[in-house]
Structures are given as structure tokens and as C-alpha cells.
Amino acid sequence: MVRGRRERDMDSFTISGTDKIVKVGDCVLLRPSEDSNSPYVALVDSIWDDNRNNVNVKVRWYYRPEESIGGRRQFHGAKELFLSDHYDIQSAHTIEGKCVVHSFKDYTRLENVGAEDYYCRFEYAAATGAFTPDRVAVYCNCEMPYNPDDLMMQCEECTDWYHPACVGMTTEESKKLELFICVECLTYAAMKKPQATSSASPGPDVKAERKRRERRP
């Protein structure tokens, strides 16, 4: 679509039938196609009124993991989205509501996740399937990136995170724990015990090695 001279840039518009105001920079939910039950999610890049009083928006699409070239993987959360480099022009009438796409860090801090809460930790190149960043930290014995949908326990010593099943526990057992120390730290403490009376924790070399663990998205 080529914009004509009589078109007027707009700062905002109200979603039809609602009192919700959409501004440039907002994240919105767009009407899904017939073969999809989930709304499309996009970032509003610009808004304008054409010479027939029709409001149009330029959007930058968010992709769901299953829409990417690599598909959905085990560590992708149910509310995870990728901010793509794919832009489109849509009629404002296709917008059904607003949503919030949080940073990954902010999403993990939410006490309650609502239906309109999503998160994004990667940008995605639609043509090539490349991600930015191209690597992400991994945790646990399974060396998987963090999925906020899965329960994990943090070791009090090394601060690494573990899935209960990966350390031989059930979810119910892990929820009853007041303190969790991983096998590696317990082993290290046992080895250091004859040389020191204070409580031991993994040395900087152990922690540094864990922090270097990464994998591709």
C-alpha cells in the first residue's frame, strides 16, 4: 500500500466498540484467521487516516515459537513471543484489543499472569530464522534455557536453578523444601570440610564455569 498525500498521521485511535485507546508503540491483538484460535500480536509502528476516513496502522509482527522456522522447543513458554522484522499495513478494524509484551525479566517477576500478558526475549529474522541474541544461558543438569512455565529450585550455594525431576524429586517434594543445595555444592562442601570450619560454597572458578553455559535458541 502506498500512502497518498491527503493521508493524516494520527497519535492514537479508539478500538471500535471499546474505550481502549491505541497509541504508537502499543502492543495489540489482531483478529486471527479462520484456521487459528489465537489472536495475532503486533507492535504498532504508525497510525494514519486515509483520504476516505479509514484508519490504518503499520505493525511489526510478533511471532509465536511454532510460527518460526525452528518451531516450538521445550524451553519456549506458553506466552513467549519473538519480535520479528516483518512489517505489514493493516486496517485498524482488525484490532480487537491491547496486550502487554514484557521483557523476559519483568515477566518472571509478575505475581499474576493475565490473559493479555506476554513476554519476549528474542528478536527474530523472518526470512532467515536467525535470533538475536543468538545464545541464551542454560540451567540445571539438563542444560536447558529457563522456561517460566516450569517450576525450578535455586541452589542456596551456587545460585544455579534446577528442575525437581532432574534432581530426583517430585514437584510436591520440592515445594516442601525450606532449603535446597545441589549435589555439586554438597560434594564440594564435603571435600572442603577437613580444611575449613566455615560453611563452604563453590569457588569463583566453579561459578564462572556455570555462567559460561549457553546454547542457541
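The values are calculated or read from the model by the stated rules, or taken from the named source; none is laboratory data. As the structure is a computational prediction, the values presented were derived from the model and not from experiment. Ideal geometry is used to build each Cβ from the backbone, glycine not excepted, and the neighbour counts take in all protein chains shown. Calculation scope for accessible area: heavy atoms of the full protein, side chains included, ligands and nucleic acids excluded. Shrake-Rupley method; radii C 1.70, N 1.55, O 1.52, S 1.80 Å.
Details
- Filtered residue count, the stretch 40-66, keeping only those that are more than 21 Å from residue 85 (Cβ to Cβ) and crowded, with 16+ Cβ neighbours inside 10 Å: 3
- Output for the stretch 80-121, where each listed residue is small (Gly, Ala, Ser), open to solvent by 30 Å² or more (accessible area, probe 1.4 Å) and under 30 Å from residue 134 (Cβ atoms): 103
- Residue-level check: of (1) under 24 Å from residue 214 (Cβ atoms); (2) touching a residue at least 24 places away in the same chain (Cβ under 8 Å); (3) open to solvent by less than 60 Å² (accessible area, probe 1.4 Å), residue 156 misses just (3).
- Matching residues in the stretch 29-73 - criterion: being touching a Lys or Arg at 6+ places or on another chain (Cβ under 6 Å) and among the acidic types (Asp, Glu): 45, 49, 66
- Candidate set from the stretch 123-153 (those that are among the hydroxyl-bearing types (Ser, Thr, Tyr) and in a strand (DSSP E or B)); member that is most open to solvent (accessible area, probe 1.4 Å): 132
- Matching residues, the stretch 128-153, being of a type in the set (Gly, Ala, Ser) and either free of Cβ contacts under 8 Å to residues at least 12 places away in the same chain or within 30 Å of residue 185 (Cα to Cα) (or both): 130, 137
- For the stretch 113-163, filtering for residues that are among the polar types (S, T, N, Q) and more than 15 Å from the chain's Cα centre (by Cα) leaves 4.
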